[in-house]
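Here is the structure we will look at, set down as structure tokens.
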Amino acid sequence: MAEMFKLNAQRENFRARAHAHWNESAKRTTTGRPVDAILTPVAPTLAVPHDTVRWWGYSSYWNLVDYPAAVFPVGRLKASEWANSTRDSLPQPRNDTEKFIRDQWDPKTYDNAPISLQLVGRRHMEEKTLALLNIVEQATKAYPHKS
């Protein structure tokens, strides 16, 4: 029981620091208010083949701090448009996880895979996050893109 209490206290301390960091964004906005949401990747790659995920930091961080996030599609990869792309054209990996992810790259593997982003809102602001998602989706439809 003592260990669980200690772990929960550490988690809440981490959440408090994340919340303070978010609030610090007010110093960098023209309104003087913290940002309403953050648009981020969902993963370091497109949807990977089953049982090959090695890193999920883009989404697990928001789970840890208990912030709502909505994942939404913005297109699909067409392998034919990436035919000349090779692993050698990618940045060099910095660790074994990045090497594993980099070594997965093959346009044929990802043909027609969804390209997605996630919109993250503040804690306890699920409805606002979904309302902002509606605005983001409308904005992305206004710009033609390859899909």
For this session: Among the residues of segment 62-73, write down those that are touching a residue at least 12 places away in the same chain (Cβ under 8 Å) and either at positive phi or open to solvent by 40 Å² or more (accessible area, probe 1.4 Å) (or both).
Result: L64, D66, A69, V71, P73
Exercise. S80 is checked against (1) assigned to a helix (DSSP H, G or I); (2) open to solvent by less than 60 Å² (accessible area, probe 1.4 Å); (3) not β-branched (V, I, T) and fails just one. What number does that condition carry?
Worked result: (2)
Problem set entry | Matching residues in segment 83-103 - criterion: being basic (K, R) and open to solvent by less than 40 Å² (accessible area, probe 1.4 Å) | R102
Exercise. What residue, among those in segment 104-120 that are open to solvent by 60 Å² or more (accessible area, probe 1.4 Å) and out of contact with any strand residue (DSSP E or B) (no Cβ under 9 Å at 6 or more places or on another chain), is farthest from H21 (Cα to Cα)?
Worked result: K108
Exercise. Would you pick out the residues in segment 50-92 that are more than 20 Å from S116 (Cβ to Cβ) and acidic (D, E)?
Worked result: D66, D88
Seminar exercise, completed: Apart from one, (1) part of a strand (DSSP E or B); (2) open to solvent by less than 50 Å² (accessible area, probe 1.4 Å) all hold for R15; the odd one out is (1)
For this session: List the number of the failed condition for L130; all other conditions in (1) open to solvent by 90 Å² or more (accessible area, probe 1.4 Å); (2) assigned to a loop (DSSP other than H, G, I, E, B); (3) under 30 Å from N8 (Cα atoms) hold.
Result: (2)
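The values are calculated or read from the model by the stated rules, or taken from the named source; none is laboratory data. Note that the structure is a prediction, hence the values are computed from the model and not measured. Don't worry about glycine lacking a Cβ; one is built from the backbone with ideal geometry, like all the others, and counts go over all protein chains shown. Keep in mind that these areas ignore ligands, DNA and RNA; they rest on the heavy atoms of the full protein, side chains included. Shrake-Rupley method; radii C 1.70, N 1.55, O 1.52, S 1.80 Å.
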